[in-house]
Every structure is written in structure tokens, then in C-alpha cells.
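This report refers to the structure that appears directly beneath it.
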Amino acid sequence: MAILVFLTQLAGATMLLLFAVRMVRTGIERSYGASFKRVLTRNNSAVGSSMTGMVMALVLQSSAAVALLASGFAAGGFLSFPAGLAIVLGGDLGSALIIQILSFRLDWLVPLLLAVGGWLFVKTERKKPRQIGRILMGVAFILISLRFLREAMDPIQHSAFLPAIADYLVRDYVTAFLVGGALAFVMHSSVAAILMCVTLVQIGALPFSAGLSLVLGANLGSALIPVWLTRGMDIQARRIPFANLALRGVWAILCLFAANLAVQAGVLGAGYQGQMLVNAHLAFNASLLILSLPFCQLLKGPFERMLPDAPRRSEPEARAKPASALDPQLAETPTLAISALKRELLRMADQVELMFSPLLTLYRSGEIEQIKAVQTLDHEVNQSLSDIRTFVASLPIEKMDKKHADEARDVLEYAVRLETAGDVVAKRLTVLAAELQETGKQFSHEGWLELQELHEKILANLKLATNVLISEDIESARLLNLEKTEIKRAERDSRKRHFRRLQSGQVDSLETSDIHLETLRAFREFNSHIAAISTPILYANGQLLETRLIEDLPERERNTEV
């Protein structure tokens, strides 16, 4: 019975720790996720890239998240292999620094973090303050989970089986190493796994030597996580996690045998506690970064040979229009018909994203052929709308219940929105890009950064809109709807800053004023169209008001307002 209680408490503390780490990462991604691409791809030197990765891991509380971002940008051609590998290695060091911070006894901070974070999350509607509240509460939950973990271990510290397990792990350090790797991989969080190991050593449940083997194994397990998560990505994305796994695995095994030889010789481990384990983990990652940085460029060739690129398709084959998902035979079955409509809508959304993604490249250095290629994609978007409209018109209304009829109407309405969003790109933004190239004008540095930030946020909203379309998740729909307000605010703030630059006499702002302001308006309108997918979901679940007007205003107040 005591064992059952212990396992239940241990499982609860572990799940709370995993939830808290994810909560912090989610808050940061929702606040600043749109800027990750610009931050990760702006450094060219190995040292600068590694420092960027370290900072990103500190922010995201996850080296695996940094590795996934770097892999994704490498697959898109935005990040070279050496820079991506340096970012991942720096991210591992940043993850070790997180553990250094969280290993201190900070229980006194919990009430303050919960009070401030809870108030921001519950009482504010603006995106960033609300997500900051989420982050603060997540940190508080991490500290609470560590306290629960210590309390769960207290009753069994003097039991018979715990010393037996600890002695076995000390004697068989290879098994301890493998257990640490499995623990980090199963938990999908090296931060959570290593914090657990540190806590067990701090309370005396495990000796230092066993904890060290577990932590070295957890470092190997953390390198396996991005390898597993990128298994379905392009080969360019998978090279970086595999290179990191090779470097980290070799160094972890060497350190494992060296450390245990030192323990057996009595040089290491006598009287060491949890903080020394944290220091050892930090030293492992710092030394790995220092030793590996000079080899980032040299490893590119071997890993390209180990994981060669897939054969290139010919241009006509690469640009072949995918088959429509709208099979007329599916129209007779309402459930299948709605599924087909959503698949076609997803394909349509992908086409719109292909149009919007390269816009800033067109603004900066676009050629007329590239601009025309984006405009050509609009014909495919228009055809998708026509196909969806025809398919919806062919649905047998007598066989459909109200739910399916409403879903079909919502799909058609959003298809119209996506087609209009495509028109915003093809008929307004690409025209502005062509005008910019013809005149040779350049935005001011501040104005260009504002457009970059807005473009990144809208791209993130495009992906969020796709997730909402697939999952119909209410929380994601609420977030997308809030993002619409954030984009309006960002557009308004950029316009105000632009006017201030005009007043200060900046020549480049004056020359590009019309294009800058028209781009801001087009960006806002484009985002409004793609965010419309959230409206029917929120309305159906009672999350959206019919009107934003204040009702039943007294007659005197109405006259005053007028």
C-alpha cells in the first residue's frame, strides 16, 4: 500500500513538472514565436549562433524546441548546417543553465509568482500580458512540482528497497546511463528529467555517482528527442539532430567511463550533493560546446554523404497541381463530403501561404519573374474556390442535417475569405513590390523591421488558422481571434511611428511613405481574412458576442455620446 501511495505521488509530481515546463514554453511561443525565425537566422558566425541558441533555450525552457526550430529553418533553406548545429549545441548549454537556476530552493517565490501570474492571466485580455502571466504561473508550478517530488521521496528514504536500487545503479553505471537516457526520452524533456535526478541526489535518495550516470544518460536521451521528432521532415532538417546526437553521444560515453573511473579511484564523488551534480551537467555541456564548435563546418560533408539529398524533381513535376480532394461521388455522404471540403480548404490555405511567405523577399530583391510566379498562384486559389462552390451547390440538402449544412456553409464562407486574401497578395502587395523594384526606393531601417515583425506574426497566424481548421480547438480559436486584435494594434502603432519619422524629416520614410502605409493596410486586411476561421467555432460555443456595442444606454448618455 505504501508503494502504491509513493508511485501515485511520484507520478503526480512528475506530470505537474512536465505540464509546468510545457506551460512556460507555450506562453513564450505565443508571445514571441513569430520572431524566432529572424532571431535564429541573423547570425553567421559559429560563436554568435551558439549564443543565440543558448538564449533561445533559456527563453523556451527546452533544448529540443530549439533543435526543432533550427531543423525547420534548415529545411527551408534559411539556415546553414554549421550555423544550425552551433545553435543546437548552444541550446543544450542554455538548457543546462535553466537547471542551474531552478535547482536553487526558490519556494518563497511561489506565492508571488502565482499571485502576479494569475492576475495577469485572468484579468487581462491583451496577448502579451496574458502570456507573461502564463509563464510566471508555469515557473511557480515547476517549483511546486519539485517540492512535491521531494515530499514524495521522504517516506521511503529509509526503506529497504531504495538503498538496494541506489547501490545497484552505483555498481552498474551503464544501466544507470541507459535509464537516464530512457527517462529523458520518455518525458520528452531533459529539463524535467535532470531536475528529477538532481532532486533525488539533493534529498539523499541517490548517491552522487549514480546521479551523475543518470544525468549523462539524460543528455544522450535529450539528443534523441529531436531525432525522433524530425523523422518525417526533409533530409536537410534531419542532418542537424543526427550530428548533435553523434557529438553528444560520443562525449557522454567518454565522460561516463572517465567519471566512474574517477569515482572508483576516490577522486570524485565523496560528499558531493545535488548542486555538484548541476555543476557537472553544466560543465559537460560547456565543454561539449567548446570542443565541438571548431568542427561544425567540417561535419557538414560527412553528414551530407551519410544523409544525401533526395533526387531533385523536374520543374514541371515539382510545380504540378495536386489533385483536388473534391470527388463528386462523396457528395452523397454528408460526413465524407465535409471531410473532402476541409481537405480542399487546407490545400487552398497552403497555396495562400505559398503566396504570402516570399513577400518580403520580393520587396527587398524580387525580380519580375518571381513576382509573376506568385501572381500565378492566385489562379489556383481562384480555381479551388470555384471547385468548392460547385461541390457545395451539388450537395443533396434533403440528406443533410443542420450540423452538416452549417459546416458546408462555413467552409464556403472561409474559402471566399481565403480567395480574397489571395487577391490582397496578387493584386496589391505584389504590385507594391514591383513598384518598389522599379523605383529602387528603400524603406527606413525602422520601417523595414516593423514590416518584418508584422509579416512574421501573420505567417504564425496562418499556421494557427490551419490548426484551428483541423482541430476546431476552442482555445486555439480564441487565440487566433485575439491575434486579430494584436495585428490591428501593431498596424496602428507602426503607422504612428511612420508619421513620427516623417515629422522628423527622414528622407527614406518620405520616399516610401505610400508603399509603407498601403502595405500595412494590406497586411491587416490579409490577416483579418485568414483569422475568420475562428468566428464560426467561437460563435457555436458561445464564445463570441453578437455585437460589441454597449446595449441599453440611458437616453441622456446616448445623446451625450452623439
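Data table
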quantity: Subset of the stretch 351-391 [acidic (Asp, Glu) and either in contact (Cβ under 8 Å) with a residue 60 or more places away in the chain or at positive phi (or both)]; calculated: 353, 367, 387
quantity: Output for the stretch 112-135, where each listed residue is free of Cβ contacts under 8 Å to residues at least 24 places away in the same chain and under 26 Å from residue 203 (Cα atoms); calculated: 112
quantity: Sole residue being crowded, with 22+ Cβ neighbours inside 10 Å, modelled with pLDDT under 90 and over 27 Å from the mean Cα position of the chain (by Cα), chosen from 210, 262, 184; calculated: 210
quantity: Residue within the stretch 142-162 that is modelled with pLDDT of 85 or more, open to solvent by less than 40 Å² (accessible area, probe 1.4 Å) and either in contact with a Pro (Cβ under 6 Å, 6 or more places away or on another chain) or closer than 27 Å to residue 65 by Cβ (or both) present; calculated: no
quantity: The stretch 392-411, subset hydrophobic (A, V, I, L, M, F, W, C) and touching a residue at least 40 places away in the same chain (Cβ under 8 Å), residue farthest from residue 375 (Cα to Cα); calculated: 400
quantity: Any chance residue 301 is assigned to a helix (DSSP H, G or I), over 16 Å from residue 93 (Cβ atoms) and open to solvent by less than 20 Å² (accessible area, probe 1.4 Å); calculated: no
quantity: So residue 242, is it modelled with pLDDT of 75 or more, among the aromatic types (Phe, Trp, Tyr) and closer than 24 Å to residue 83 by Cα; calculated: yes
quantity: Failed item in (1) modelled with pLDDT of 75 or more; (2) in a loop (DSSP other than H, G, I, E, B); (3) surrounded by 18 or more Cβ atoms within 10 Å (Cβ to Cβ), with residue 288 passing the rest; calculated: (2)
quantity: Selection from the stretch 248-259 of residues that are open to solvent by 40 Å² or more (accessible area, probe 1.4 Å) and either within 17 Å of residue 293 (Cα to Cα) or not aliphatic (A, V, I, L, M) (or both); calculated: 250, 251, 257
quantity: Criterion violated by residue 227 - all others in (1) surrounded by fewer than 24 Cβ atoms within 10 Å (Cβ to Cβ); (2) of a type in the set (A, V, I, L, M); (3) in contact (Cβ under 8 Å) with a residue 24 or more places away in the chain satisfied; calculated: (3)
quantity: Residue 430 among the polar types (S, T, N, Q), within 30 Å of residue 493 (Cα to Cα), part of a helix (DSSP H, G or I) and touching a His at 6+ places or on another chain (Cβ under 7 Å); calculated: no
quantity: Any hit, the stretch 195-208, residues being of a type in the set (Gly, Ala, Ser) and in a helix (DSSP H, G or I); calculated: no
quantity: Wholly within the stretch 472-562, helices (runs of 4 or more DSSP H) carrying at least 1 residues that are at pLDDT 85 or above and more than 22 Å from residue 357 (Cβ to Cβ); calculated: 474-503, 513-530
quantity: Hits in the stretch 494-503 - residues which are of a type outside the set (Phe, Trp, Tyr) and either touching a residue at least 40 places away in the same chain (Cβ under 8 Å) or open to solvent by 80 Å² or more (accessible area, probe 1.4 Å) (or both); calculated: 494, 496, 497, 498, 500, 501, 503
quantity: Filter result (under 22 Å from residue 283 (Cβ atoms), modelled with pLDDT under 85 and open to solvent by 10 Å² or more (accessible area, probe 1.4 Å)) within the stretch 64-102; calculated: 64, 100, 101, 102
quantity: Residue count, the stretch 375-412 (criterion: charged (D, E, K, R) and either more than 23 Å from residue 332 (Cβ to Cβ) or open to solvent by less than 20 Å² (accessible area, probe 1.4 Å) (or both)); calculated: 2
quantity: Residue 308 being part of a loop (DSSP other than H, G, I, E, B) and either crowded, with 20+ Cβ neighbours inside 10 Å or at pLDDT below 85 (or both); calculated: yes
quantity: Selection count, the stretch 332-374, where residues are open to solvent by 80 Å² or more (accessible area, probe 1.4 Å) and touching a Gly at 6+ places or on another chain (Cβ under 7 Å); calculated: 0
quantity: Odd one out for residue 108 among (1) at pLDDT below 80; (2) surrounded by 15 or more Cβ atoms within 10 Å (Cβ to Cβ); (3) in a helix (DSSP H, G or I); calculated: (2)
quantity: Test: residue in the stretch 42-53 that is at pLDDT 70 or above, in a helix (DSSP H, G or I), open to solvent by 60 Å² or more (accessible area, probe 1.4 Å) and of a type outside the set (S, T, N, Q); calculated: yes
quantity: When residues of the stretch 375-424 are limited to those that are under 15 Å from residue 345 (Cα atoms) and of a type in the set (S, T, N, Q), the one farthest from the chain's Cα centre (by Cα); calculated: 390
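The values are calculated or read from the model by the stated rules, or taken from the named source; none is laboratory data. As the structure is a prediction and not an experimental result, all values here were calculated from the model. Counting neighbours? That spans all protein chains shown, and the Cβs are built from the backbone with ideal geometry, glycine included. Quick note on the areas: whole protein, heavy atoms, side chains included, nothing else; ligands and nucleic acids left out. Shrake-Rupley method; radii C 1.70, N 1.55, O 1.52, S 1.80 Å.
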